[in-house]
Amino acid sequence: MNNRQLHIERLTNGFFTGNKQVVLQDNISASLQPGNLVCLLGPNGAGKSTLMRTLSGFQKILQGAVLFSGQNLDAMSLKQRSKEVAVVFTGQLNDPFLTAYEVVSMGRFPYASFYGRLKKQDLHFIDETLERLHVYHLRDKVFYQLSDGEKQKMLLARALVQDTPFLFLDEPVAFIDSPGKIEIMEWLAHFAHEQNKGVLITTHDIELALDYADQLWLLNRDKAFQKGVPEDLVLKGLINKYFDREEVVFDPQKGRFGTDHPKAQEVVYLKGDQLEIQWLCRALSRIGKKVKKVSLQENDIPFYFFTENHYTFSDQKGNELHFNTIGDVIAFNNGGVKAVGSESVSLNDK
């Protein structure tokens, strides 16, 4: 398995509609090796799912080649492909009778007997995988009745029991709450790095991809295919180039998207690096302030700092206003009116 590699050579990404060929991107060349987590990113309609279906053999290759360990995808049988790559697409199973265990066990069918029977070691492997993903207690529940997050974990379990060197997952964290997204991404990173799987996922969550991916593949119908280490792509300005919109742009300093306010903003100065100051920075940015950090020695400008369980605003003359909460600070910045129920003490009125 260590010598296996997915290699894409000058691939044309697209599809047929009737006899007409629709091209989304030309000249895609990239490689995926076991031990790496790759996130495929692009705006809606860029062709992420189309590329995923093409790479897994469910859609005809327009031009170019896809090779699994040197073997051309077009020449591989379905059973051969099923031992190279496990695939989870966005469409959920809608069978109202299958249990979660039955859905997961489908992943072992490429290894079943002629009559479709699983061996004792197959059943043990399934149970072991369910326990590893902390979903063993759901094994006898009807799959259709599980939550979206639970379904996604079961489909991931099905892919894992297929025991292939490559895993393709289309939007594995869609419709899942934030803790659930982190949990799934942690698992995928673990399977890539510790279980030596080559994991390729599509996602709309660019910020999450930046946190976890070993490499990003960027798709855009109007731009050339790009690939590289996430941090390099950020520094080259490619995240901005591929995803910025008129007033929503990627901030390389913060590593996230935000609203670009074209008009001049009021500048608010903060001192300190405490967690409370970091969250005050987020809150002030959210209400349209331009936040700047200043050194502890700088005292000739008005600034906020945090000490003794409260926020303090100090003006150029050394006069101070104290606030118990970030809500009080926001209310003060929105016109000097204290928040309802505030116990803030004002030494000098604004």
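The values are calculated or read from the model by the stated rules, or taken from the named source; none is laboratory data. In this text the structure is predicted, and so the values were computed from the model without any measurement. Every residue, glycine as well, gets a Cβ built from its backbone with ideal geometry; the counts of neighbours run over all protein chains shown.
Figures for the structure shown
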read-out: Pair list, Cβ < 8 Å and 6+ apart or interchain, from region 69-87 residues that are under 18 Å from residue 30 (Cα atoms) to residues that are part of a loop (DSSP other than H, G, I, E, B) and of a type in the set (Val, Ile, Thr); value: 73/61; 74/61; 84/164; 85/164
read-out: Answer from 210, 216, 233 - the residue that is within 28 Å of residue 25 (Cβ to Cβ), in contact with a Pro (Cβ under 6 Å, 6 or more places away or on another chain), among the hydrophobic types (A, V, I, L, M, F, W, C) and part of a helix (DSSP H, G or I); value: 210
read-out: Test: residue in region 206-218 that is modelled with pLDDT under 95, assigned by TED's automatic domain parsing to the domain that holds residue 38 and over 15 Å from residue 250 (Cβ atoms); value: no
read-out: Extreme residue, surrounded by the most Cβ atoms within 10 Å (Cβ to Cβ), among residues of region 281-299 that are closer than 19 Å to residue 334 by Cβ and touching a strand residue (DSSP E or B) at 6+ places or on another chain (Cβ under 8 Å); value: 284
read-out: Strands (runs of 3 or more DSSP E) (entirely within region 7-121) containing at least 2 residues that are polar (S, T, N, Q) and in the same structural domain as residue 238 (by TED's automatic domain parsing); value: 20-32
read-out: Some residue of region 186-197 being part of a strand (DSSP E or B), under 30 Å from residue 42 (Cβ atoms), over 13 Å from the mean Cα position of the chain (by Cα) and modelled with pLDDT of 95 or more; value: no
read-out: From 224, 283, residue being closer than 30 Å to residue 48 by Cα, at pLDDT 90 or above and among the small types (Gly, Ala, Ser); value: 224
read-out: Residue 60 being in contact (Cβ under 8 Å) with a residue 12 or more places away in the chain and within 27 Å of the chain's Cα centre (by Cα); value: no
read-out: Which numbered condition residue 174 fails, given (1) part of a helix (DSSP H, G or I); (2) within 26 Å of residue 214 (Cα to Cα); value: (1)
read-out: Any hit, region 243-259, residues being surrounded by 17 or more Cβ atoms within 10 Å (Cβ to Cβ) and within 13 Å of residue 40 (Cβ to Cβ); value: no
read-out: Contacts under 7 angstrom Cβ, first residue in region 159-174 being under 22 Å from residue 112 (Cα atoms), partner of a type in the set (Asp, Glu) and in a loop (DSSP other than H, G, I, E, B), 6 or more apart; value: 164/84; 165/84; 166/84
read-out: Any pair with Cβ under 8 angstrom, 6 or more apart, that starts in region 182-200 at a residue that is at positive phi and ends at one that is part of a loop (DSSP other than H, G, I, E, B) and of a type in the set (A, V, I, L, M, F, W, C); value: 196/1
read-out: Any hit, region 234-249, residues being within 30 Å of residue 22 (Cβ to Cβ), assigned by TED's automatic domain parsing to the domain that holds residue 42 and touching a residue at least 60 places away in the same chain (Cβ under 8 Å); value: yes
read-out: Looking only at region 164-175, and only at residues there that are aliphatic (A, V, I, L, M) and buried (at least 21 other Cβ atoms within 10 Å of the Cβ), the one that is modelled with the lowest pLDDT; value: 173
read-out: Among the residues listed as 101, 115, 111, the single one being surrounded by 15 or more Cβ atoms within 10 Å (Cβ to Cβ) and modelled with pLDDT under 90; value: 111
read-out: Any hit, region 135-155, residues being assigned by TED's automatic domain parsing to the domain that holds residue 227, within 27 Å of residue 8 (Cα to Cα), not in a strand (DSSP E or B) and not hydroxyl-bearing (Ser, Thr, Tyr); value: yes
read-out: Strands (runs of 3 or more DSSP E) fully within region 248-330 counting 2 or more residues that are within 30 Å of residue 207 (Cα to Cα); value: 248-251, 256-259, 267-270, 290-293, 303-307
